[in-house]
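The values are calculated or read from the model by the stated rules, or taken from the named source; none is laboratory data. Fair warning: this is a prediction, and the values are worked out from it, not measured in the lab. When we count neighbours, we look across all protein chains shown, and the Cβ atoms used for this are built from the backbone with ideal geometry, even at glycine. Only protein heavy atoms, including side chains, enter the accessible area calculation; ligands, DNA and RNA are left aside. Shrake-Rupley method; radii C 1.70, N 1.55, O 1.52, S 1.80 Å.
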Amino acid sequence: ARLGRLKYAYILADSLSEFGQTVDRYWKDVSEQTTELLDLAESEGLLAQEKTRWEPGFGLAETRGWDSGTRALGPYLYFLKGRAAYELARMGAVAAPEKALAEATTNLGRAKELDPGKAAVYRYLAAAHLETAQIAASRANLDERHAALQAAEAALAEGVAAAPLAPGAHINVLERRLTLAQEGSLADVRARLKALEPEYQALTERFAADAQAQAAQAEFYSYYSASVNFEECRELLDRAIAAAEKAMALEPATIKYARFGATLYYRKSCLHGDQAALRRAIELAETTLARPEIQDSPGPRHYAVLAERLSLCSLLATCCVERVLALPASASERSELLAQ
């Protein structure tokens, strides 16, 4: 019962965080429940047991984020406790963020020791160090900032060494490099992104059947296309779209891939007057809104599903308006698109 309640709370907090909403009360709930369950599991000697023995299934509400590939109860509870502390510190929802971040790194470190092969642990361990670096920078403590940045890079590298066959570990490293590449002048950004391109190509060659890797490449090309001149933009945007299409084909039930793909097609239509791209954006939005995973239903992802539907409906309405404006006044399709 406790694990089922915690699973519900975590999926709720995690799914809402994906949309950038301030959900500190949900993460506080996760933190409190995890602390209680850790104490109970430890006293009963259950930390090494598989959590699947007790946890209920939530059907379509299940997410990759709940499991993260960790089966044992102990390391997973330490992971949840560490992530909750990080999220609360990141949102400024605690009186002493440095203390919360120290708690995050301690618990994530414990999860890493108990189960060293899970990429998600290293991702949030690095994120906690980066948040520590930001706080140090705001206080002009450059030595502490430098140490925290080094610790973040070390955590990401350790993740690749511990889980070389996990796409997520490699994606974590590339996402950090992508963030750093976008600092400085436009000329510097272009040069860094060009240098980073072979690494994303190597990622999708190595993990060709992984949707997450394809989506990461699509995101990279999306940023890259925005930094180049108009002539180069179309080719890079097409590469982003091709990678997004592969991600959608590999994981049709993952709504964020379809939403991102539709957005890329819409951008192409706006930049290059491509009506075929606009029609594909409309098609993607329509088919995604009809999927069972995005229907309004009770459960821990209820509010996240509403946010997904809102985003897709807004995009679809915009695409329909753009399509109407591109059609001649006599076109019979105009009234149908306006109604839609």
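Points worth noting:
- Gaussian network model of the chain, springs between alpha carbon atoms under 10 Å - residue of Gly117, Gly74, Gly184 with greatest fluctuation: Gly184
- In the set [x] 151; [y] 194; [z] 163, the label that goes with volume of the Cα convex hull per residue in Å³ computed for this structure is [x].
- Relative contact order computed over the range 171-329 (Cα-Cα under 8 Å; 6+ residues apart), in percent: 14
- Ranking Thr105, Thr70, Thr179 by solvent-accessible area of protein heavy atoms (1.4 Å probe, all protein chains present), from largest to smallest, gives Thr179, Thr105, Thr70.
- Phi angles of the range 240-246 translate, via the Karplus equation with coefficients 6.51, -1.76, 1.60 and θ = phi - 60°, into HN-Hα couplings of 4, 5, 4, 5, 5, 4, 5 Hz per residue; Gly and Pro are given as x.
- With a simple spin-label model that places each label point 7 Å from the Cα along the Cα-to-Cβ direction, the separation between Lys194 and Thr106 comes to 4.9 nm.
- Scanning residues 5 or more positions from Ala72 or on other chains, those with amide H under 5 Å from its amide H are Lys51, with H placed 1.01 Å from N in the peptide plane.
- Considering only alpha-carbon pairs that sit under 8 angstrom and 6 or more positions apart, the relative contact order computed for the range 6-155 is 19 percent.
- Heavy atoms of Glu235: accessible area, 1.4 Å probe, square angstrom to 10: 100
- Residue of Gly92, Gly109, Gly45 that the Gaussian network model of the chain assigns the largest fluctuation, springs spanning Cα pairs under 10 Å: Gly45
- Note on Glu231 and Glu183: their simple-model spin labels are 3.3 nm apart, each label 7 Å out from Cα toward Cβ.
- Computed from label points 7 Å out along Cα-Cβ, the spacing between Ala253 and Ile135 is 3.9 nm.
- Computed from the C-beta positions of Gln150 and Thr35, the FRET efficiency with R₀ = 30 Å rounds to 0.50.
- Solvent-accessible surface (1.4 angstrom probe) belonging to Trp54, in square angstrom, nearest 10: 100
- Whole-angstrom gap from the range 2-53 to the range 171-214, using each part's C-alpha centre: 33
- Note on Ser297 and Gln201: the extension gain reaches 30.7 nm, defined as 0.36 nm multiplied by sequence separation minus the Cα-Cα distance.
- Estimated FRET transfer efficiency when R0 is 25 angstrom, pair Arg71-Ala1 (beta carbons, to 0.05): 0.80
- Estimated at the nearest 10 Å², the accessible area of Val160 is 40 Å² with a 1.4 Å probe.
- Using a Förster distance of 22 Å, the FRET efficiency for Ala307-Cys270 (Cβ separation, nearest 0.05): 0.40
- Taking each DSSP H run with n ≥ 4 as -39500 (n - 2.57) and averaging over every residue of the chain yields -25000 deg cm²/dmol at 222 nm.
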